[in-house]
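Everything on this sheet refers to the single structure shown next.
The values are calculated or read from the model by the stated rules, or taken from the named source; none is laboratory data. Note that the structure is predicted; figures quoted are calculated from it, not measured. Neighbour counts run over all protein chains shown; Cβ positions are idealised from the backbone, glycine included. Side chains included, ligands, DNA and RNA excluded: accessible areas come from the protein's heavy atoms. Shrake-Rupley method; radii C 1.70, N 1.55, O 1.52, S 1.80 Å.
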Amino acid sequence: MSFADKRILLGVSGGIAAYKAAELARRLVTAGATVKVVMTKSAAEFVTPMTFAALTGQTVGTALFGPGVHPLEHIWLGQQVDAVVLVPATANLIGKAANGIGDDLLSTILIAATRPVLVCPAMNCEMYENPAVQENLARLRERGMWVLEPEAGALACGAVGYGRLPETDSILAALGRLVAVRDLAGQRLLVTAGPTHEDLDPVRYVTNRSSGKMGYAVARAAWRRGADVALVTGPTSLPDPFGVEMIRVRSALDMLGEVVKRFPSCDALVMAAAVGDYRPESLAERKIKRGSTAALQVTLVQNPDILKEISALKESQITIGFAAETHDLIEEANRKLTEKNLDLIVANDVNQPDSGFAVDTNEVTLVAADGEVVSLPLLTKDEVADKILDWLVPRLTPKSPEDAGD
Ligand code: CTP
């Protein structure tokens with residue numbers, strides 16, 4: 001995810017998870033952001049300001065007053081950035097923010113801040129569940145701050161429960177949505193990804209080389225741009241995209257069932273899955289033994305074409321398919337566009353080494369039902385996902401502000 005040209009204020013308060021803020025600072029800088037870190041006095045007990053200064057290339061704010069501190073810094077720091085993120089947000093910082101107390105640089109910045117704030121609480125589970133902390137978090141939410149729920153697990157203090165800082169990837173994803181142009185706000189996107197597994201017996205299946213990367217990239221990008229996203233995915237080894245509703249399936253028939261169920265309530269379907277066209281005619285109850293025959297014959301029967309089935313249910317939804325081809329790219333793409341009643345097909349030549357299955361890049365051509373054909377250069381799958389969504393946005397019916405609210 002790119003944070004190019006984004007300015008982020010990273011507020012670090014004094015909990016053990018402060019060391020994880022260093023990793024976040026590093027990832028943000030790598031993604032192109034300018035990161036200004038402000039630390040509380042307690043945070044500096046866990047990690048030194050020098051660590052953040054070295055990672056961000058910026059001076060680190062630690063004091064309201066003193067030599068080298070501009071008297072208006074506490075006002076403009078929360079106003080001249082794209083977003084503020086508090087990692088970790090301790091019970092104390094949350095309490096001060098909820099009550100408008102400014103007794104150090106970070107808490108005073110939060111009173112003056114006019115930019116979106118992402119609060120990432122991390123603390124012992126009893127502290128987190130304390131009603132005072134919960135009430136303070138509820139007040140922050142009411143005032144429009146975005147509170148990222150901590151995760152459950154083993155905590156540094158030895159307890160097990162809610163209080164762990166979410167993974168850096170999750171914080172980055174949430175922050176990405178906070179600073180993005182949310183041109184898909186309120187839109188419901190249904191995305192499919194990955195291969196299908198067509199079982200032959202309890203240990204074997206027929207599949208293909210799809211990694212799921214393209215569909216996951218579309219789901220991530222759509223969520224970042226404000227959409228509600230459901231991802232129907234075949235088996236993959238990819239991490240769940242943050243914020244996305246995950247529906248896991250194995251076979252083409254399972255995928256068909258889930259897509260048909262969800263299609264009527266979606267605004268657009270992006271069908272990136274490499275659906276198995278055939279499945280074994282019968283599923284052996286027991287493992288098939290090698291036996292004495294030199295050859296094993298398996299009869300494969302055709303799976304339904306999910307997009308064709310969906311076409312009968314289509315009302316105002318926009319449907320986007322993919323065509324991975326080895327020959328006659330544009331002719332095949334056009335054939336599928338018509339046969340599957342699609343609005344857009346994303347065609348790629350899988351003969352190219354940097355394009356198609358399992359790699360992080362893709363060189364695609366967008367072929368639209370209105371005859372428009374756009375050839376894109378070699379891009380990352382994240383960039384391709386954004387190009388597809390750029391095509392989609394102006395074709396969707398805009399949502400009312402109430403529907404588009406986060
Ligand atoms: N697709 C589908 N159901 C299937 C097969 C494919 O919905 N049973 C979808 C894919 O998700 C993709 C598009 O149809 O969006 C094109 O898939 P592709 O495998 O390229 O096309 P096929 O229809 O299988 O055609 P062929 O095997 O002849 O290339």
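List the relative contact order of the chain as a percent without decimals, with contacts defined as Cα pairs under 8 Å and 6+ residues apart. Intermediate values should be presented prior to the final figure.
Values: 876 pairs, mean separation 44.5, N = 406.
Relative contact order comes out at 11 percent.
In whole angstrom, how far apart do the alpha carbon centroids of segment 74-95 and segment 307-379 sit?
When both Cα centres are located, 44 Å separates them.
Averaging over all projection directions, find the projected area of the Cα convex hull of segment 186-285 and quote it in nm² with one decimal place.
On the way: hull surface 25.3 nm².
If you wrap the Cα atoms of segment 186-285 in a convex hull and average its projections, you get 6.3 nm².
Once the Cα atoms of segment 129-187 are picked out, what are the Rg and Dmax in Å?
Gyration radius and largest Cα-Cα distance of segment 129-187: 14.3, 43 Å.
On the accessible surface of the chain, probed at 1.4 Å, how many percent belong to carbon and sulfur atoms?
Its accessible area is 51 percent carbon and sulfur atoms.
Where Rh is the Kirkwood radius over the Cα pairs of the chain, the temperature 37 °C and the viscosity 0.692 mPa s, what D in µm²/s does Stokes-Einstein return? Before the final figure, lay out each step's value.
On the way: Rh = 23.6 Å.
So the translational diffusion coefficient is about 139 µm²/s.
For A154 and F65 in one chain, what is 0.36 nm times their gap in residues minus the Cα-Cα distance, to one decimal in nm? Don't skip to the end; give the middle numbers.
Details: separation 89, 0.36 × 89 = 32.04 nm, distance 3.85 nm.
Additional length available on full extension: 28.2 nm.
Residue separation times 0.36 nm, minus the C-alpha to C-alpha distance between R182 and R143: what's the value?
12.1 nm
Only Cα pairs within less than 10 Å get springs; with that Gaussian network setup on the chain, which residue of R224, R335, R164 has the largest fluctuation?
Top of the fluctuation ranking is R335.
If you wrap a convex hull around the alpha carbons of segment 329-403, what volume per residue comes out, as a whole number of Å³?
Taking the convex hull of the Cα positions in segment 329-403, it is 116 Å³ per residue.
Gain in length, D403 to L296, computed as 0.36 nm per residue apart minus the alpha-carbon separation, to one decimal in nm?
Here the segment from D403 to L296 would lengthen by 32.9 nm.
Under a crude label model (7 Å from the Cα following the beta-carbon direction), how far is Q58 from I75 in nanometres?
So the label points at Q58 and I75 sit 2.0 nm apart.
Over segment 7-179, with the other protein chains present, what is the accessible area per residue in square angstrom, probe 1.4 angstrom?
Ligands and nucleic acids excluded, the result is 44 Å² per residue.
FRET efficiency for V359 and K261, Cβ-Cβ distance as r, R0 = 25 Å, nearest 0.05?
The calculated FRET efficiency here is 0.20.
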